[in-house]
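This report concerns only the one structure given below.
The numbers here are math on the coordinates, done by the rules we state, and not lab data. What you see is a predicted model, and the numbers here were worked out from it, not measured in a lab. Glycine also receives a Cβ, built like all others from the backbone with ideal geometry; neighbour counts cover every protein chain displayed.
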Amino acid sequence: MSPVERLANDLALADVAFESDDAKALANHLQSIDLAGATPSDADGEAALNAWRNSIAAAPSAMRGRVLGPAYLSGNLAAGARINTEQVLLGGKAVSIAAGTTPKDALRLRVVRDDGKMVCEKSPAHARECRFVPTYTQRFRIELYNAGQEDARYHLVFD
């Protein structure tokens, strides 16, 4: 199939999946349409595309969590406390995780694979980067621990 034929096929199959409430098939065809870079050139096409997207927006994905782009978490961490967040990271794609902290010397950053193997540890965490390339797409646990004697403010950055 040529790219144009493939796009026409995906549009038709997306319409069928929408009408039959097959969210998984619809999501797959929408992904193919997006990868083709196609955009509707009329109001009816745009309305159909919006309806398709809205119908799967609430549908659960196969892998829970999100694959990150630039994002961050901010908060306060009491002395002796820790926070954990889990993130799905793409295999073969470089990952950078860093923390901006106040005070600068109290927090420790750890990144652990889903199987429990530690990938990176920075102590103190302030403005020190954990940079690595996951072998395959999987869930990672990112932990900040406040080893200081006072509350700390943090900004945990993912890219």
Point-to-point label distance, D151-D44, nm (Cα→Cβ direction, 7 Å offset): 6.0
Set of aspartates and glutamates with alpha-carbon distance to K24 below 17 Å, sequence-local pairs under 8 removed: D10, D15, D34
Proximal aspartates and glutamates to K93, defined as alpha-carbon separation beneath 15 angstrom and excluding residues fewer than eight positions away on the same chain: D159
Restricting the range 83-159 to GluC sites (Glu not before Pro) in coil, as DSSP defines it, with at most 11 other Cβ within 10 Å: E150
Stretchable slack from Q31 to R131, in nm (0.36 nm times residue separation minus alpha-carbon distance): 33.1 nm
Kirkwood Rh, Cα atoms: Rg over Rh of the range 5-149: 1.15
Amide H contacts of S96 (H built 1.01 Å from N, under 5 Å, at least 5 apart or other chain): D159
